[in-house]
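Participant: Just dropping this structure here.
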Amino acid sequence: MTGHGTAGRPPRRGTGGRLAVGLLHALGLPLLLLVLWGLVATRATNRFFPDPVTIADAFVDTWIGPAFTGDVLPSLARLGLGLGASIVLGTAAGTVIGLTRWLRELLEPLLEFLRAIPPPVLIPVMMLLLGITGTMKVVVIVSGAVWPILLNTIEGVRSTDSVMTQTARSFRVTWWERLWFLVLPAASPRIMAGVRQALSVGLILMVISEMFASSAGLGYRIAYFQRNYLVAEMWSGILLLGLVGVLLAVVFGLVERRVLRWYHGIREVNRV
């Protein structure tokens, strides 16, 4: 019986096999693209299309040194402040709006209007109100990154199971306990989805705000290289932005797995 029950199942890979497959999936396509890029660049005559080795040399010469502390770290600090403020504001406001029906119905048209405004068009207004300062750049990041968090929080709070809510009320669970142990955990998958979207939006707005009006920062440096035809250095800045995006995605994935352990555990059980 045992032999019949396992005959049709594919053999399971060991830990080493799964690790090898994961590395192949993660590194195989990027390495293939780099090889193709190098082959095409060696035959191309366009000076605006340098080969990967030239860009790698420019990356080391440009960003490993004073530019890292003078441009990259301040940009990342502003990005961190903007994302942190967006998470706090979006989660707090979204929770209040999601829990209060009349407030949600009152603010829904205004929220849809404000969400439709592209954040980059607000940069001249922010410059007039706040000046060309680091605070202005943080506010620009918040003006775009807060929306996915806010709207996902509202939907997550609204979708809290009504039976569980009524049960908590019947047992006289306090409002704060319902909020902390029922509403926020139920909305946390949607909130984390909003934070994931906000990461990419915040990174884009960080670069745009520094390109508009700044004398330092990652976006300013890339625009400076472009204006002065320093092509390899410009591509190295774009490469650095991609690496920052990958780092943010990895860190967020680790945090999400820890925050939503119960959620991923339920999904694994349902798959089985």
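The values are calculated or read from the model by the stated rules, or taken from the named source; none is laboratory data. Everything quoted here is computed from the prediction, not taken from an experiment. Here the Cβ is made from the backbone with ideal geometry for all residues, glycine too, and neighbour counts use every protein chain on show. With ligands, DNA and RNA removed, areas are computed over all heavy atoms of the protein, side chains included. Shrake-Rupley method; radii C 1.70, N 1.55, O 1.52, S 1.80 Å.
Participant: Give the residue that is nearest to Ser200 (Cα to Cα), with candidates limited to residues of the stretch 91-123 that are open to solvent by 60 Å² or more (accessible area, probe 1.4 Å) and either charged (D, E, K, R) or in contact (Cβ under 8 Å) with a residue 40 or more places away in the chain (or both).
Facilitator: Arg115
Participant: While we're on this one: Picking from Ala168, Ala193, Ala187, which residue would you name as being over 19 Å from Ile87 (Cα atoms) and small (Gly, Ala, Ser)?
Facilitator: Ala168
Participant: Then there is this: Which condition does Ile117 not pass, out of (1) aliphatic (A, V, I, L, M); (2) touching a helix residue (DSSP H, G or I) at 6+ places or on another chain (Cβ under 9 Å); (3) in a helix (DSSP H, G or I), if it passes all the others?
Facilitator: For Ile117, the exception is condition (3).
Participant: Right, here's the next one. Looking only at the stretch 133-141, decide whether some residue is open to solvent by 20 Å² or more (accessible area, probe 1.4 Å) and over 26 Å from Ile222 (Cα atoms).
Facilitator: Within the stretch 133-141, the subset open to solvent by 20 Å² or more (accessible area, probe 1.4 Å) is 133-135, 138-139.
If we keep only those that are over 26 Å from Ile222 (Cα atoms) too, we end up with none.
No, that holds for no residue.
Participant: Scan Glu210, Glu177 and give me the residue that is open to solvent by less than 30 Å² (accessible area, probe 1.4 Å) and out of contact with any Pro (no Cβ under 7 Å at 6 or more places or on another chain). Please lay out each step first, then the result.
Facilitator: Details: Glu177 fails: open to solvent by less than 30 Å² (accessible area, probe 1.4 Å).
When all the criteria are applied, what remains is Glu210.
Participant: Select from the stretch 49-74 the residues that are of a type outside the set (A, V, I, L, M, F, W, C), open to solvent by less than 30 Å² (accessible area, probe 1.4 Å) and within 16 Å of Leu218 (Cβ to Cβ) and list them in ascending order.
Facilitator: Thr62, Asp71
Participant: List every residue pair whose Cβ atoms sit under 9 Å apart, with the two residues 6 or more apart in sequence or on different chains, where the first one lies in the stretch 223-241 and is free of Cβ contacts under 8 Å to residues at least 60 places away in the same chain and the second, anywhere, is in a loop (DSSP other than H, G, I, E, B) and buried (at least 18 other Cβ atoms within 10 Å of the Cβ).
Facilitator: Ala223/Ser214
Participant: Here's another thing I want to ask about it. Within the stretch 213-234, track down each residue that is touching an Asp or Glu at 6+ places or on another chain (Cβ under 7 Å) and either open to solvent by 60 Å² or more (accessible area, probe 1.4 Å) or modelled with pLDDT under 90 (or both).
Facilitator: Keep residues of the stretch 213-234 that are touching an Asp or Glu at 6+ places or on another chain (Cβ under 7 Å), which gives 216-221, 225.
Ala216, Gly217, listed by residue number.
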